[in-house]
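Trainee: There's a structure below that I have some questions on.
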Amino acid sequence: MNTRLTFAALAIAGLSFASHAATISTPQPYQLLIVDGEKTKHSALSSVHSAEVGAGKHQFVLEYVADFSTRQNIRVMEGDPVIINLETDADADLSLEYKKPNSYQQAREFLRDQAAQITVIDNRTGQPVAAEIYTIHRPAGLDVTRGIQDYLKENNKAFSGRTDAAVAAAEAKFGAAPVDADSLEMLKHWWSAADKDTQRAFQIWAIQQQ
(Lines give C-alpha, C1' and ligand atoms only; values in the text may rest on other atoms or scores of the structure.)
Protein backbone atom coordinates (compact mmCIF):
# COMPACT_ATOMS: atom_id res chain seq x y z
CA MET A 1 0.00 0.00 0.00
CA ASN A 2 1.22 3.47 -0.82
CA THR A 3 2.35 5.39 2.26
CA ARG A 4 0.50 8.50 1.14
CA LEU A 5 -2.75 6.58 1.52
CA THR A 6 -1.92 6.00 5.15
CA PHE A 7 -1.43 9.75 5.56
CA ALA A 8 -4.85 10.31 4.07
CA ALA A 9 -6.31 7.53 6.16
CA LEU A 10 -4.94 9.08 9.33
CA ALA A 11 -6.46 12.42 8.44
CA ILE A 12 -9.83 10.83 7.70
CA ALA A 13 -9.69 8.62 10.78
CA GLY A 14 -8.91 11.64 12.91
CA LEU A 15 -12.17 13.26 11.83
CA SER A 16 -14.19 10.63 13.64
CA PHE A 17 -12.88 11.90 16.97
CA ALA A 18 -13.57 15.57 16.37
CA SER A 19 -17.13 15.40 17.72
CA HIS A 20 -15.89 13.90 20.99
CA ALA A 21 -13.32 16.40 22.18
CA ALA A 22 -11.41 16.22 25.42
CA THR A 23 -10.60 19.52 27.09
CA ILE A 24 -7.71 20.73 29.22
CA SER A 25 -7.90 23.87 31.35
CA THR A 26 -4.87 25.73 32.68
CA PRO A 27 -6.10 28.80 34.60
CA GLN A 28 -3.75 31.60 35.61
CA PRO A 29 -0.93 31.75 36.48
CA TYR A 30 -0.41 29.03 33.84
CA GLN A 31 -1.04 29.52 30.15
CA LEU A 32 -0.85 27.16 27.18
CA LEU A 33 1.95 27.92 24.75
CA ILE A 34 1.96 24.81 22.56
CA VAL A 35 -0.56 22.01 21.96
CA ASP A 36 0.62 18.94 20.04
CA GLY A 37 3.52 20.83 18.51
CA GLU A 38 1.45 23.81 17.36
CA LYS A 39 1.68 27.27 18.89
CA THR A 40 -1.54 28.47 20.51
CA LYS A 41 -2.98 31.90 19.74
CA HIS A 42 -1.41 33.47 22.81
CA SER A 43 0.30 36.85 22.63
CA ALA A 44 1.69 39.53 24.88
CA LEU A 45 -1.85 40.88 25.27
CA SER A 46 -3.82 37.63 25.32
CA SER A 47 -3.30 34.34 27.15
CA VAL A 48 -4.68 30.90 26.26
CA HIS A 49 -5.93 28.82 29.15
CA SER A 50 -7.80 25.93 27.53
CA ALA A 51 -7.75 23.65 24.50
CA GLU A 52 -9.80 20.88 22.93
CA VAL A 53 -8.17 17.72 21.60
CA GLY A 54 -9.27 14.35 20.33
CA ALA A 55 -8.76 11.00 22.00
CA GLY A 56 -5.19 9.72 22.03
CA LYS A 57 -1.71 10.94 22.91
CA HIS A 58 -1.06 14.64 23.38
CA GLN A 59 1.64 17.07 24.39
CA PHE A 60 0.99 20.36 26.17
CA VAL A 61 3.56 23.06 26.90
CA LEU A 62 2.70 25.46 29.71
CA GLU A 63 4.25 28.59 31.16
CA TYR A 64 3.89 30.01 34.66
CA VAL A 65 3.67 33.80 34.81
CA ALA A 66 2.56 35.67 37.93
CA ASP A 67 2.84 39.31 38.92
CA PHE A 68 3.68 39.96 42.57
CA SER A 69 4.78 43.55 42.02
CA THR A 70 4.34 46.21 44.66
CA ARG A 71 4.69 50.00 44.52
CA GLN A 72 8.30 49.60 45.54
CA ASN A 73 9.33 46.56 43.49
CA ILE A 74 8.54 44.96 40.16
CA ARG A 75 8.31 41.22 40.77
CA VAL A 76 7.08 39.21 37.81
CA MET A 77 7.77 35.49 38.12
CA GLU A 78 8.29 33.48 34.94
CA GLY A 79 8.85 29.76 35.34
CA ASP A 80 10.64 27.34 33.08
CA PRO A 81 8.34 25.78 30.47
CA VAL A 82 6.43 22.72 31.66
CA ILE A 83 5.99 19.79 29.26
CA ILE A 84 3.07 17.42 29.80
CA ASN A 85 2.74 14.21 27.79
CA LEU A 86 -0.36 12.11 28.32
CA GLU A 87 -2.98 9.97 26.67
CA THR A 88 -6.64 10.70 27.11
CA ASP A 89 -9.97 9.35 25.96
CA ALA A 90 -12.72 11.38 24.31
CA ASP A 91 -14.78 13.70 26.51
CA ALA A 92 -12.13 13.89 29.25
CA ASP A 93 -12.21 17.10 31.28
CA LEU A 94 -8.63 17.73 32.35
CA SER A 95 -7.22 20.35 34.68
CA LEU A 96 -4.12 20.99 36.77
CA GLU A 97 -3.97 20.40 40.49
CA TYR A 98 -1.27 22.05 42.61
CA LYS A 99 -0.91 24.34 45.60
CA LYS A 100 -1.09 27.82 44.12
CA PRO A 101 1.58 30.21 45.48
CA ASN A 102 0.12 33.29 47.13
CA SER A 103 3.28 35.35 47.45
CA TYR A 104 6.52 36.08 45.66
CA GLN A 105 8.50 33.91 48.06
CA GLN A 106 6.07 31.01 47.74
CA ALA A 107 6.26 31.30 43.96
CA ARG A 108 10.07 31.14 44.06
CA GLU A 109 9.91 27.97 46.14
CA PHE A 110 7.22 26.46 43.93
CA LEU A 111 9.11 27.09 40.69
CA ARG A 112 12.23 25.32 41.94
CA ASP A 113 10.48 22.01 41.27
CA GLN A 114 7.09 22.84 39.78
CA ALA A 115 6.83 19.66 37.70
CA ALA A 116 6.90 17.48 40.82
CA GLN A 117 4.05 19.49 42.35
CA ILE A 118 1.64 19.38 39.38
CA THR A 119 -0.94 16.64 38.87
CA VAL A 120 -3.31 16.34 35.92
CA ILE A 121 -6.86 15.56 37.09
CA ASP A 122 -9.85 14.29 35.13
CA ASN A 123 -12.70 16.33 36.58
CA ARG A 124 -15.24 13.67 35.61
CA THR A 125 -13.84 11.34 38.23
CA GLY A 126 -11.63 13.56 40.34
CA GLN A 127 -8.81 11.07 39.77
CA PRO A 128 -5.25 11.75 38.57
CA VAL A 129 -4.37 10.99 34.96
CA ALA A 130 -1.12 9.21 34.13
CA ALA A 131 1.19 11.84 32.66
CA GLU A 132 4.85 12.55 32.06
CA ILE A 133 5.55 16.03 33.45
CA TYR A 134 8.92 17.76 33.30
CA THR A 135 10.47 21.18 32.75
CA ILE A 136 13.11 22.46 30.35
CA HIS A 137 15.29 25.52 30.73
CA ARG A 138 13.64 28.67 29.46
CA PRO A 139 15.05 29.41 25.98
CA ALA A 140 16.87 32.66 25.38
CA GLY A 141 15.54 35.20 22.92
CA LEU A 142 12.26 36.99 22.35
CA ASP A 143 10.40 34.09 20.72
CA VAL A 144 10.20 31.70 23.66
CA THR A 145 7.68 29.42 21.96
CA ARG A 146 9.90 28.90 18.91
CA GLY A 147 12.82 28.20 21.21
CA ILE A 148 10.80 25.52 23.01
CA GLN A 149 9.73 23.92 19.73
CA ASP A 150 13.32 23.87 18.47
CA TYR A 151 14.58 22.34 21.73
CA LEU A 152 11.99 19.58 21.71
CA LYS A 153 12.74 18.70 18.08
CA GLU A 154 16.51 18.73 18.58
CA ASN A 155 16.18 16.43 21.59
CA ASN A 156 13.63 14.06 19.99
CA LYS A 157 10.96 15.07 22.49
CA ALA A 158 8.59 16.82 20.10
CA PHE A 159 5.05 15.59 19.59
CA SER A 160 5.08 12.98 16.82
CA GLY A 161 1.60 13.69 15.50
CA ARG A 162 0.61 10.03 15.63
CA THR A 163 -2.16 9.18 18.08
CA ASP A 164 -2.75 5.51 18.75
CA ALA A 165 -6.46 5.84 18.01
CA ALA A 166 -5.96 7.43 14.59
CA VAL A 167 -3.25 4.96 13.58
CA ALA A 168 -5.37 1.99 14.68
CA ALA A 169 -8.38 3.27 12.76
CA ALA A 170 -6.29 3.84 9.63
CA GLU A 171 -4.64 0.43 9.80
CA ALA A 172 -7.99 -1.31 10.38
CA LYS A 173 -9.33 0.23 7.18
CA PHE A 174 -6.27 0.36 4.95
CA GLY A 175 -3.75 -2.09 6.46
CA ALA A 176 -0.39 -1.40 8.05
CA ALA A 177 2.18 0.82 6.34
CA PRO A 178 5.10 2.93 7.50
CA VAL A 179 4.26 6.54 8.33
CA ASP A 180 6.87 9.26 8.18
CA ALA A 181 6.32 11.68 11.08
CA ASP A 182 7.65 14.75 9.24
CA SER A 183 5.39 14.13 6.24
CA LEU A 184 2.45 13.58 8.54
CA GLU A 185 3.14 16.89 10.28
CA MET A 186 3.07 18.66 6.92
CA LEU A 187 -0.21 16.98 6.02
CA LYS A 188 -1.70 18.07 9.35
CA HIS A 189 -0.48 21.62 8.76
CA TRP A 190 -2.09 21.92 5.33
CA TRP A 191 -5.26 20.20 6.54
CA SER A 192 -5.63 22.72 9.39
CA ALA A 193 -4.94 25.62 7.03
CA ALA A 194 -7.52 24.49 4.47
CA ASP A 195 -11.11 25.74 4.39
CA LYS A 196 -14.05 23.33 4.74
CA ASP A 197 -14.59 22.99 0.97
CA THR A 198 -10.95 22.07 0.42
CA GLN A 199 -11.07 19.55 3.28
CA ARG A 200 -14.15 17.91 1.75
CA ALA A 201 -12.46 17.79 -1.66
CA PHE A 202 -9.42 16.15 -0.08
CA GLN A 203 -11.59 13.54 1.64
CA ILE A 204 -13.23 12.67 -1.69
CA TRP A 205 -9.83 12.44 -3.39
CA ALA A 206 -8.42 10.22 -0.62
CA ILE A 207 -11.37 7.84 -0.83
CA GLN A 208 -10.97 7.63 -4.62
CA GLN A 209 -7.33 6.54 -4.15
CA GLN A 210 -8.37 3.34 -2.31
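The values are calculated or read from the model by the stated rules, or taken from the named source; none is laboratory data. Treat the numbers as computed from the prediction; the structure is a model and nothing was measured. Counting neighbours? That spans all protein chains shown, and the Cβs are built from the backbone with ideal geometry, glycine included. Quick note on the areas: whole protein, heavy atoms, side chains included, nothing else; ligands and nucleic acids left out. Shrake-Rupley method; radii C 1.70, N 1.55, O 1.52, S 1.80 Å.
Trainee: Could you work out how much longer the chain between Arg124 and Asn156 gets when fully extended? Use 0.36 nm per residue separation minus the Cα distance between them, nm to one decimal.
Mentor: Taking 0.36 nm per residue and subtracting the Cα distance, the gain is 8.2 nm.
Trainee: Also, quick follow-up: Arranged from highest to lowest average of other beta-carbon atoms within 10 Å per residue, in what order do the peptides 121-131, 73-83 appear?
Mentor: Taking the mean over residues of other Cβ atoms within 10 Å, the ranking is 73-83, 121-131.
Trainee: Hey, another quick one. Which lysines does Lys153 reach when only Cα atoms under 22 Å apart count, and residues fewer than 8 places away in its own chain are ignored?
Mentor: Here the lysines satisfying the reach criterion relative to Lys153 are Lys39, Lys41, Lys57, Lys188.
Trainee: While we're looking at this one, here's another question. Between Ser46 and Leu142, what is the label-point separation in nm under the 7 Å Cα-to-beta-carbon projection?
Mentor: For Leu142 paired with Ser46, the spin-label model returns 2.0 nm.
Trainee: Can you give the FRET efficiency for Gln117 and Asn85, using 1/(1 + (r/R0)^6), R0 = 22 Å, r = Cβ-Cβ distance, to the nearest 0.05?
Mentor: 0.80
Trainee: Counting only Cα, what are the radius of gyration and maximum Cα-Cα distance Dmax of the stretch 28-85, in Å?
Mentor: 13.6, 48
Trainee: Where the accessible area of the stretch 41-136 is counted over protein heavy atoms with a 1.4 Å probe, how much of it, in %, is carbon and sulfur?
Mentor: Answer for the stretch 41-136: carbon and sulfur cover 43 percent of the accessible area.
Trainee: Going by average Cβ density within 10 Å per residue, which order do the peptides 49-61, 97-109 take, highest to lowest?
Mentor: Per-residue mean Cβ counts within 10 Å order the peptides as 49-61, 97-109.
Trainee: Here is a follow-up. According to a simple spin-label model (label point 7 Å from Cα along Cα-to-Cβ), what is the distance in nm between Gln72 and Asp93?
Mentor: With each label placed 7 Å out from Cα toward Cβ, I get 4.5 nm.
Trainee: Considering amide H positions built from the backbone, and no H for Pro or chain starts, which residues 5 or more places from Ala51, or on another chain, come under 5 Å of its amide H?
Mentor: Excluding prolines and chain starts, which carry no amide H, the hits are Ile24.
Trainee: What spacing in nm lies between the two simple spin-label points modelled at Glu132 and Gln105, each 7 Å away from Cα in the Cβ direction?
Mentor: Going from the Glu132 label point to the Gln105 one covers 3.8 nm.
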